[in-house]
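Okay, structure first, notes after.
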Amino acid sequence: MSALPGETADTSTLQTPRGPRRRFHPAWIVAAVAFLALVGAAGFRAAPGVLMVPLQQEFGWSTTVLSAAVSINLVLFGLTAPFAAALMERFGIRAVTATALVLIGMGSALTVLVNQSWQILLTWGLLIGLGTGSMALVFAATIANTWFTKSRGLVIGILTAGSAAGQLVFLPFIAMLAQDPGWRQASLLIAAGALAVVPLVLKFLKNSPADVGVLPYGAVPVDGEAQEAAPVQDSGPRTNAAVRALQVLRRASKVRTFWALAAGFAICGATTNGLIGTHFIPSAHDHGMPETTAAGLLAVVGIFDIIGTIASGWLTDRFNPRVLLAVYYQFRGIGLLVLPLLLNAEVQPSMIVFVVIYGLDWVATVPPTAAICRETFGADGSVVFGWVFAAHQLGAAAAAIAAGALRDATGHYTYAWFGAAAMCTIAAVISATIRRHHAAREAEPAAA
C-alpha cells in the first residue's frame with residue numbers, strides 16, 4: 001500500500017487488527033483537535049475589518065497603510081503554506097501546528113504596543129502572516145490525506161469550516177471589544193484564543209496513523225506480503241522541507257491543471273479574504289451601518305460557511321469537482337455584482353439573502369480544489385495544494401491593497417465590487433475547462 005503524504009513510517013510495520021474492529025477510529029480524534037486548532041488560528045482572520053476603523057481614529061493611518069499590513073499578512077499566509085506542508089512531512093504535524101499557534105498569539109499580543117505604522121506591518125504582517133500561513137487550509141488537506149482514505153472530501157470540508165467557525169466565534173466579541181473598552185483588548189482576545197489550543201495540539205494531535213499503530217481511516221487491511229510488496233513514499237520525510245516544496249513546484253508547474261487551479265484560487269482569495277474579509281465592514285461603515293452590525297453580518301457569513309463547506313465536501317466525494325468549482329465561482333460573481341445596491345445604513349432583507357448565499361459559497365471551493373490536486377498529483381497533492389493556496393493568498397493580498405487604494409482615490413468601493421464580479425466569471429470558465437482525462441495523463445510525471 002502506498003504511503004500517504006505526511007506519513008513518516010513504513011506501513012508494512014503496522015499490525016492489521018485481529019478480532020472486533022475499533023468502534024471509534026483515532027483519526028476522528030485528530031480531526032477534532034485539528035478543527036479546534038483551526039478555530040483558534042482563525043481569530044485574526046476576523047480582526048482587520050473590525051480593527052481598521054479604530055486604528056484609523058487613534059493613529060490617523062490611511063486605509064492604504066492598513067491594507068498594506070493586511071496584504072503582507074496575506075502574502076505570507078499564502079507563501080508559507082507549501083513550505084509548511086513540507087515541514088509537516090519532515091518534522092510532524094504536531095510541532096509545526098503548535099509553533100504556528102504560538103506565532104499567532106505573539107503577533108496579536110504585541111499589537112497592543114504599536115504606535116508607528118511600521119510596527120503594525122511587523123505584527124499583523126510578519127508574525128501573524130507566518131503563523132496563519134503554517135495553519136493555512138493546506139493543514140486541512142494534510143490531515144485528510146494522512147489520516148483518511150475514505151471520506152477525505154467530507155473531512156476537508158469539516159476542517160475548512162473550522163476557519164469559518166473561528167470567525168463566527170471571535171468576530172462579534174472582537175467588534176464589541178473594539179468599541180468598548182478598545183481594540184487592544186480585542187487583540188489580546190485573539191492571542192488568548194490561539195494560545196489556548198496549544199496544549200490540546202501537543203497532547204492529542206498525532207503525526208500519522210503509524211504513531212498509534214493503525215491504518216488510515218477507511219484503509220483496507222491487507223496481508224503482510226501485500227504490504228511488504230507495496231512501494232512506500234518515504235522521500236518526503238528525508239528531504240529538506242524547502243527543497244521538497246520547490247521540487248514539487250517545479251514538477252507541478254509543467255502541468256496545465258496546476259495553472260488553472262492557481263488562477264481560479266487566486267480569484268477566490270481576492271473575492272473572500274481580500275475584499276469581503278478586509279473591506280466589507282469599512283464599506284458598510286461608509287454607508288452608515290454601525291460596525292457591530294456589519295460584523296454581525298460577517299458572523300452570519302461564518303455560520304453558513306460551515307454549512308456550505310461541509311456540504312461541498314460531501315458533494316466533492318460524489319460529483320465532478322470541476323463542475324462544482326464553476327458553479328461556486330459564478331454564484332459568487334452574481335452576489336458581488338449586486339452588493340453595491342444592497343449596502344445601506346439599515347439591514348434590508350436583500351442583504352440577508354446576500355449574506356446567506358455568500359456564506360454558503362465562501363470557501364466551498366476548497367474541497368473540490370484539494371480533490372483535483374490529489375487526483376492529478378498523487379503523493380505530492382498536499383504540497384501542490386499549498387502552492388495553489390499561495391496563489392489564493394497572493395490574489396487576496398492584491399485585492400486588499402487595490403481595494404484600499406480605490407477607496408482612498410474615489411471615496412467608495414463600488415469599482416472593487418464590480419471588478420471582483422467580473423473575475424469570478426473568469427474563474428468559472430477556467431474551472432469548467434479543466435479536463436479530467438487530461439489531468440490524469442499528466443499525473444504520472446508529477447507524482448513520480
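Per-residue surface analysis assigns Arg90 an accessible area of about 100 Å², computed on protein heavy atoms at 1.4 Å probe radius.
Taking all protein chains together, Lys206, Lys254 sort by accessible area into Lys254, Lys206, largest first [probe 1.4 Å].
When the Cα gyration tensor is reduced to axis lengths a ≥ b ≥ c, the ratio a/c is 1.5 or higher for the stretch 371-437, and with a/b not above b/c it is classed as oblate. The alpha-carbon atoms of the stretch 264-402 define a convex hull whose volume equals 97 cubic angstrom per residue. Taking the C-alpha atoms only, the angle from helix 436-447 to the longest principal axis of the chain is near 70 degrees. Here Tyr415 sits with roughly 140 square angstrom of accessible surface, probe radius 1.4 Å.
Between the Cα long axis of helix 381-410 and the first principal axis of the chain there is an angle of about 10°, rounded to the nearest 10.
Of His25, His392, His285, the residue with the largest accessible area leads and the full order is His285, His25, His392 (1.4 Å probe).
Using the rule -39500 (n - 2.57) for each DSSP H run of four or more residues, divided by the residues of the chain, the 222 nm mean residue ellipticity is -24000 deg cm²/dmol.
When peptides 81-88, 406-413 are ranked by their average number of other Cβ atoms within 10 Å per residue, the highest-first order is 81-88, 406-413. Under a model in which nothing but the beta-carbon of Lys, Arg (+1) and Asp, Glu (-1) is charged, the stretch 306-448 shows a dipole of about 240 debye around its Cα centre. Close amide-amide hydrogen proximity is noted between Asn344 and no other residue 5 or more places distant or on a separate chain, at a cut-off under 5 Å (H modeled in the peptide plane; Pro and chain starts excluded). Backbone geometry of the stretch 200-212 corresponds, through the Karplus equation with coefficients 6.51, -1.76 and 1.60 at θ = phi - 60°, to 3J(HN,Hα) couplings of 5, 4, 5, 8, 10, 8, 6, 6, 7, x, 4, 5, 10 Hz, x marking Gly and Pro. Taking a ≥ b ≥ c as the square roots of the eigenvalues of the Cα gyration tensor of the stretch 132-188, is the shape rounded (a/c under 1.5), prolate (a/b larger than b/c) or oblate? Since a/c reaches 1.5 and a/b is larger than b/c, the shape of the stretch 132-188 is classed as prolate.
Between helix 414-432 and the chain there is an angle of about 20 degrees, using the helix long axis and the longest principal axis of the Cα atoms. In the list [x] 54, 45, 45; [y] 124, 65, 44; [z] 70, 44, 39, the label attached to Cα extents along the principal axes in Å as derived from the coordinates here is [z].
For Phe148, nonlocal amide neighbours, meaning residues 5 or more places apart or on other chains whose placed amide H falls under 5 Å from its own, are Tyr217. Accessible surface computed residue by residue for the chain, with neighbouring protein chains in place and a 1.4 Å probe, gives 38 Å² per residue.
Surface calculation, 1.4 Å probe, protein heavy atoms: His287 sits at approximately 80 Å² accessible. Translational diffusion of the stretch 32-157 was estimated from the Stokes-Einstein equation, with Rh taken as the Kirkwood radius over Cα pairs; at 4 °C and 1.567 mPa s the coefficient is 85 µm²/s. The share of accessible area on the chain that comes from carbon and sulfur is 65 percent, using a 1.4 angstrom probe. For the stretch 90-220, the residue among Val114, Thr160, Leu127 whose Cα projects farthest onto the positive side of the dipole built from Cβ charges is Thr160.
The values are calculated or read from the model by the stated rules, or taken from the named source; none is laboratory data. Just so we're clear, the structure is a prediction, and the values are computed from it rather than from any experiment. Cβ sites come from the backbone with ideal geometry, for glycine too, and all protein chains shown count toward neighbours. Heads up: the accessible areas ignore ligands, DNA and RNA and are worked out on the full protein's heavy atoms, side chains in. Shrake-Rupley method; radii C 1.70, N 1.55, O 1.52, S 1.80 Å.
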